[in-house]
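Only one structure is covered here, and it is reproduced in the block below.
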Amino acid sequence: MLTWLVINTATLSTFDLNNSTSYRSLIVFLYTVILLIGGVIIRKIWSIKHIGKTIYNLLPNSLTKQWQAYDEWVIQTKNIFDSIEALRQSEERFRAIFEAAAIGISHTDIDGRILQTNPKFCQIVGYEADELLSMRFQDITHPDDLLIELSLHQKLLKLEQTSYHIEKRYIRRDGMLVWIKLTVSVICDSNGKPIELIKVIEDISDRKNAELALRRSEERYRSLVAATSQIVCISDENGNLTHMFAGTGYRVKDIEGLQRVGWVERIHPEDLPSVQQAWQSAHCNKSFYEIEHRLMDADGNYRYMQTRAVPVLSEDGNVREWISAITDISTRKQAEAELRTSEQRYRESARVAQKQATRLKRAMQKIADTQAQLIQNEKMSSLGQLVAGVAHEINNPVSFIYGNISHIHEYTQDLLKLVLLYKQHYPKPSSCINKVLQAIDLDFIQEDLPKILSSMIKGADRIRQIVLSLRNFSRLDEASLKAVDIHEGIDSTLLILQSRLNSLSNAPKIEIVKQYGTIGKIECYAGQLNQVFMNILNNAIDAIHNLDSHQTGKIVINTNIDEQNQVVINIIDNGCGMSEETRRRIYDPFFTTKPVGSGNGLGMAVSYKIIEKHGGKLECSSIVGEGTKFTILLPKQPELL
């Protein structure tokens, strides 16, 4: 009885132990555990038997038989427990294989309820193992595949077959469909009654997608051949024609003629060597080839054709067949011939037109530059005339005042000396004179009158200097090339801009730093250079005015002579600066970043042309938020352009 229980317990599968809930199965399981413990004791007895072999030989005959029976029972029991151990190891190996399998495995009852799954099956359907244990295979099967599988399932339960194979679709947890190959086997009990199903699931979605893509590709290929305007040929590995399909626009008799006679015989004799050479090269290299040649139609007329052929390789790398596309290009060839004739006819006209376009472009550019120059010149000329007129009108009365003030000073000194002599010789004037002296405060007049005259002299001198600076800026009398001191031009420009340099209530203060080097006089158009200084300094002031009012602006002007004997004039401000995109466009005519009405975009364009006219360069560098630097390079004796 003991042996029978142990044997039956040892034959239980892993699934029986995990899923048995009956009372009998529980008793058998517990009894098996007890036997396992007893097995350890039996093994110990087995080892003791060898130790007591000497005692065994000394026992009486009746005891010897009992000992032998006991010995047989121990051996039988030991074998049973060895079988149980081997079964346990086999079960562990099966469990490892089950969990690590690269295909999905599931265990269901006969109603389709899922009892156990491996990780790969969970990955295929996108569900967790705990979720699947509460589901049936019908729940995740696509409705279109369910009836077929249920039919096979019933056959399996009726034992009409022991397994079945099917390709079907599962509905994943995320709603996506996955194609699988399913193999189902039935497990029966000792009475031959189906109790469980083992299912092996292989994900074949990639293969199905590839098959779908292949079908679609074949459909497109068939449609392409039917709709093409080409002749599609299929030849064997040696170029022998096997199939030919005609696209739209080809006559049946042309195709029949090519199939009956062969396309090689219809190639124009002059084109045959080049066609054969191209074919032999492609055949040797197993490569694509393309060639244009003349081919005879059914009426005996030659037409230009373009043949493209590509090899189809077999698995061993050899050419299995050639697929060729032959296109009628006679119309294109005729158009090309006409085009060459037309091109030759009109090439000279195009060359002439190109020259005229180039001249017109240069003329338009020159007109634009001239227009910008004229506008700026007119502007500066008006300003110069205004400045010159103001200077001239002021100069006459100032010259009159300046010329007579010295005489007034002399006469005043004489009168004061006379009054002093009267006081010395007539210390006691009459009461009438005393009243006048007290009223006019003669002592104060004697002290203050020289100071007033001195201030008038300084003021007249200042007005005279301003008039001179205005005349220097306008340079109306210096329209030709002359040697001038450019420092005077810079100073005159700063004087004109003095009102903008004086700080407004809401604008930063501006400090002018002059760092003049010893450069001497240079030959230039002084009025035009003053115009350049005016434009650059105006822009510098505008850039500083864009800063916060609590900041202090600075404009540094330095001049020197470089190693190439060029005059270098740097005008540097600490204003708002400009972006690289703006810097690249500052010399474009009519380009401006100022609001409408504040600038016309001609100042820097004209300045660039003026410096270029002097044979020099006007360079600019700027950093947003830090400031801008303009560098003027001028030869001391320019070669005017």
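The values are calculated or read from the model by the stated rules, or taken from the named source; none is laboratory data. Here the structure is a predicted model, which means the values were calculated and not measured. Using ideal geometry, Cβ is built from the backbone for each residue, glycine included, and neighbour counts are taken over all protein chains shown. For accessibility, only protein heavy atoms count, side chains too; no ligands or nucleic acids. Shrake-Rupley method; radii C 1.70, N 1.55, O 1.52, S 1.80 Å.
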| task | Scan G597, G625, G616 and give me the residue that is modelled with pLDDT of 80 or more and open to solvent by 40 Å² or more (accessible area, probe 1.4 Å). | result | G625
| task | Would you mention how many residues in the range 496-511 are more than 46 Å from the chain's Cα centre (by Cα), within 23 Å of Q551 (Cα to Cα) and of a type outside the set (S, T, Y)? | result | 6
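Residues checked against (1) farther than 30 Å from L481 by Cβ; (2) basic (K, R); (3) at pLDDT 80 or above:
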site: K514; (1), (2), (3): no, yes, yes
site: I536; (1), (2), (3): no, no, yes
site: V556; (1), (2), (3): no, no, yes
site: M578; (1), (2), (3): yes, no, yes
| field | Qualifying positions in the range 84-120 - open to solvent by 30 Å² or more (accessible area, probe 1.4 Å), of a type outside the set (K, R), at pLDDT below 75 and over 47 Å from the mean Cα position of the chain (by Cα) | value | E85, A86, L87, Q89, S90, E91, E92, F94, A96, I97
| message | Please go through (1) at pLDDT 80 or above; (2) more than 47 Å from the chain's Cα centre (by Cα); (3) not aromatic (F, W, Y) for G257 and return the number of the only condition it doesn't satisfy. | response | (1)
| Complete set of residues in the range 340-391 that are at pLDDT below 65, of a type in the set (S, T, N, Q) and surrounded by fewer than 11 Cβ atoms within 10 Å (Cβ to Cβ) | S382
| query | Restricting the first residue to the range 435-459 and requiring it to be farther than 16 Å from L416 by Cβ, which pairs with a second residue that is loosely packed, with under 14 Cβ neighbours inside 10 Å meet a Cβ separation below 8 Å and a spacing of at least six or different chains? | reply | I457/S406
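Wholly within the range 97-164, which helices (runs of 4 or more DSSP H) include no fewer than the required count, namely at least 1 residues that are β-branched (V, I, T)? Give the steps one after another, and end with the answer.
Values: elements: 119-125, 129-132, 137-140, 143-157.
Output list reads 119-125, 137-140, 143-157.
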| request: Please go through the range 547-578 and pick out each residue that is free of Cβ contacts under 8 Å to residues at least 24 places away in the same chain and not charged (D, E, K, R). | output: Q564
| In the range 579-588, is there at least one residue being touching a strand residue (DSSP E or B) at 6+ places or on another chain (Cβ under 9 Å), in contact (Cβ under 8 Å) with a residue 40 or more places away in the chain, among the hydrophobic types (A, V, I, L, M, F, W, C) and surrounded by 13 or more Cβ atoms within 10 Å (Cβ to Cβ)? | no
| message | Looking at the range 511-557 only, could you name the residues that are closer than 20 Å to L634 by Cβ and of a type in the set (D, E)? | response | E523
| note | Listed by first then second residue, the pairs whose first member lies in the range 313-337 and is within 15 Å of R294 (Cα to Cα), whose partner is at pLDDT 85 or above and of a type in the set (F, W, Y), with beta carbons under 6 Å and at least 6 positions apart or on separate chains, are I329/Y304; S330/Y304; K333/Y304
| task | Scan the range 146-165 residue by residue and report those that are over 14 Å from G112 (Cβ atoms) and either under 51 Å from the mean Cα position of the chain (by Cα) or β-branched (V, I, T) (or both). | result | I148, T162
| task | Consider S499 carefully, then state whether it is small (G, A, S), in a helix (DSSP H, G or I) and at pLDDT below 85. | result | yes
| request: Determine which member of the set V275, V225 is within 27 Å of A335 (Cβ to Cβ), at pLDDT 85 or above and out of contact with any Pro (no Cβ under 9 Å at 6 or more places or on another chain). | output: V275
| If you check V398 against the conditions, is it more than 30 Å from M604 (Cα to Cα), surrounded by 11 or more Cβ atoms within 10 Å (Cβ to Cβ) and either among the acidic types (D, E) or at pLDDT below 75 (or both)? | yes
| task | Provide a single number: the residues in the range 512-549 that are under 44 Å from the mean Cα position of the chain (by Cα), under 17 Å from G627 (Cα atoms) and either exposed (fewer than 15 other Cβ atoms within 10 Å of the Cβ) or not aliphatic (A, V, I, L, M) (or both). | result | 8
